[in-house]
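Mind having a look at this structure? Questions to follow.
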Ligand SMILES: Nc1nc2c(c(=O)[nH]1)N[C@H]1C(S)=C(S)[C@@H](COP(=O)(O)O)O[C@H]1N2
Ligand SMILES: [Mo]
């Protein structure tokens, strides 16, 4: 088990490389050199993206948290994992990484954890507050030695709609955000199937559809082109949802 101190250092180092990457980007540099007013605006934009989502107390937990979208992947493989309590399930971390990982649920639970009580906002017009515990994504990406060519993290899920797999993606700012975790525990209980067992993404500055459930594989990529419909997510490809769903 990595100590909290090591974990914090890890997150710090990753956040730094994320900032460097942003500053090196030609677009951001152009904005940064645009003038004092523009500089302030762009800094505020960057700062806002790194700001924390509101966190709540246990008194605020929603008595009922709706299951939305798919309630359970239909594949026989997923049914097998349910039957064995995800004992031989493993999360794959690959793509633009030097050290691809395969992590069991036990390994994910033994890593440093973060717990947060946050509100999920669905575009369909409902919200719910839940308590989530999981591993910071930044720690996994650091452990996997993510390449500085990576611009997006793609989450491949076990479920599909009419045979079309669910997936989502986020950029490095969200990926390295301290509240971005892979949650295996909800309201202090093992993550229920309906809410994405064995693990689901919590990316708390984004709308509900970014909170990928049933995550099987994580892929670091330089571009979203060529991945499924190329727009970065199931709803983005098929229903015109915006890829950027920041709140
Ligand atoms: N794999 C997968 N992830 C998903 C979905 C889905 O259907 N499949 N639905 C999304 C939508 S639109 C919302 S609002 C939330 C719902 O999460 P919940 O079921 O825990 O409320 O998960 C998101 N993540
Ligand atoms: Mo949603």
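Derivation of every value follows stated rules applied to the coordinates shown; laboratory data play no part. Predicted, not measured: the structure shown is a model, and the values here were computed from it. Positions of Cβ are backbone-derived with ideal geometry, glycine not excepted, and every protein chain shown enters the neighbour counts.
Please determine, by comparing only the residues of segment 92-137 that are part of a loop (DSSP other than H, G, I, E, B) and under 21 Å from residue 176 (Cβ atoms), which one is nearest to ligand 1 (Cβ to nearest atom).
113
Checking the structure you have, find out if any residue of segment 234-244 is buried (at least 23 other Cβ atoms within 10 Å of the Cβ) and farther than 22 Å from residue 71 by Cβ.
no
Could you check segment 170-186 and list, in sequence order, the residues that are in contact with a helix residue (DSSP H, G or I) (Cβ under 9 Å, 6 or more places away or on another chain) and either within 16 Å of ligand 2 (Cβ to nearest atom) or not in a strand (DSSP E or B) (or both)?
Within segment 170-186, 170, 172, 173, 174, 175, 176, 177, 178, 180 qualify.
Would you check which residues across segment 202-236 are more than 13 Å from ligand 1 (Cβ to nearest atom) and free of Cβ contacts under 8 Å to residues at least 12 places away in the same chain and list them?
Correct list: 225, 226, 229, 230.
Here is a further query. Check whether at least one residue in segment 190-201 is within 13 Å of ligand 1 (Cβ to nearest atom), part of a strand (DSSP E or B) and out of contact with any helix residue (DSSP H, G or I) (no Cβ under 9 Å at 6 or more places or on another chain), and report yes or no.
Start the filter on segment 190-201 by keeping residues that are within 13 Å of ligand 1 (Cβ to nearest atom), which leaves 191-201.
Applying the additional criterion that residues be part of a strand (DSSP E or B) yields 200-201.
Those left that are additionally out of contact with any helix residue (DSSP H, G or I) (no Cβ under 9 Å at 6 or more places or on another chain): 200.
The answer is yes, given that some residue of segment 190-201 is within 13 Å of ligand 1 (Cβ to nearest atom), part of a strand (DSSP E or B) and out of contact with any helix residue (DSSP H, G or I) (no Cβ under 9 Å at 6 or more places or on another chain).
Mind telling me which of the residues 79, 51, 106 ends up being within 22 Å of residue 202 (Cβ to Cβ), out of contact with any strand residue (DSSP E or B) (no Cβ under 8 Å at 6 or more places or on another chain) and either without any contact (Cβ under 8 Å) to a residue 12 or more places away in the chain or within 16 Å of ligand 2 (Cβ to nearest atom) (or both)?
From the options 79, 51, 106, the qualifying one is 106.
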